[in-house]
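Scroll down for the structure; my scribbles are underneath it.
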Amino acid sequence: MKTGKIDKTDDLSGIHLWLVLWKASRAVETQAQRSIARFGMVQSDFGVLEALLHRGPLNAKQLGAKVLLTSGSMTAAVDRLAERGLVRREDDADDRRACIVQLTAAGRRLIERAFAQHRAEMEEALEGFSIDERRELLPLLRRLGRTAEASTEMVEGAQRNSRPSAGRSNNR
């Protein structure tokens, strides 16, 4: 007999799936932030150092694209890390307006330790998922991201196309 309560396991609506994903994401994010904070870093610092560890020296624009930071946020992160002696800037021989960011020896030591610890803690966060479940989940999450990005781009494109152009009056 039904009690009148909504059975959440039957709700496959987009809003419910988003809510479940959001809650799961927040829980994993909280664990990630705690892990990174142990090394005196915020996520953007960790992202910059991790990208440099695994990709090698990059110019600021490439680095910002890798870690999803705007130009201003990228500058602030590199300034913070340079002040701590973890990265250094060098002139880009190919572009006088740009600089190349690279790890210092101290930065390499810190990110190697932090990354190893963070990897272990993220494994703990997913310890309830078998390799097969992870193999299933990964392409679904990637597809969700691509679908959401495409939808956003479509909406933004429609909004740009529906705006009146500058200097043209809609009153005729």
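The values are calculated or read from the model by the stated rules, or taken from the named source; none is laboratory data. This one's a predicted model, so the numbers in the text were calculated from it and none came from an experiment. We place every Cβ from the backbone using ideal geometry, glycine too, and count neighbours over all the protein chains shown. Each accessible area value is taken on the protein alone, full model and side chains, heavy atoms only, with ligands, DNA and RNA left out. Shrake-Rupley method; radii C 1.70, N 1.55, O 1.52, S 1.80 Å.
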*Where a ≥ b ≥ c are the square roots of the eigenvalues of the C-alpha gyration tensor, would you call the range 112-151 rounded, which needs a/c under 1.5, or, failing that, prolate if a/b is larger than b/c, or oblate?*
oblate
*Among rounded, prolate and oblate, which fits the range 74-165 when a ≥ b ≥ c are the square roots of the eigenvalues of its C-alpha gyration tensor, a/c under 1.5 means rounded, and a/b larger than b/c means prolate?*
oblate
*Specify whether the C-alpha gyration tensor of the range 17-58 places it in the rounded, prolate or oblate class, a ≥ b ≥ c being the square roots of the eigenvalues: rounded for a/c under 1.5, otherwise prolate if a/b is larger than b/c and oblate if not.*
oblate
*Are there chymotrypsin sites (Phe, Trp or Tyr not before Pro) in the range 1-100 that DSSP puts in a loop and that have at most 11 other Cβ atoms within 10 Å, and which ones?*
none
*Keeping the other protein chains in place, figure out the carbon and sulfur percent of the accessible area of the range 29-172, with a 1.4 Å probe.*
50
_On a full-extension model of 0.36 nm per residue, what is the gain between Arg143 and Arg97, subtracting their alpha-carbon distance, rounded to one decimal in nm?_
12.9 nm
*Convex hull volume of the Cα atoms in the range 5-91, per residue, in Å³?*
135
*Residue by residue, what Karplus-based ³J(HN,Hα) values in Hz, rounded to whole numbers, does the range 50-67 have, using 6.51, -1.76 and 1.60 with θ = phi - 60° and x for Gly and Pro?*
5, 4, 5, 5, 8, 10, x, x, 9, 6, 4, 5, 4, 4, x, 5, 5, 9
*How long is the gain from Ala76 to Asp11 if the chain were fully straight, where each residue apart is worth 0.36 nm and the alpha carbon distance is subtracted?*
19.1 nm
_Extension reserve of the Phe39-Ala158 stretch, reckoned as 0.36 nm per residue once the Cα distance is removed_ = 38.4 nm
*Please give the FRET efficiency for Glu136 paired with Glu112, using the beta carbon to beta carbon distance and R0 = 45 Å, rounded to the nearest 0.05.*
0.90
*asked:* Amide H of Ala98 versus every other amide H placed in the peptide plane: which residues, excluding those fewer than 5 positions away on the same chain, fall under 5 Å?
replied: Asp92
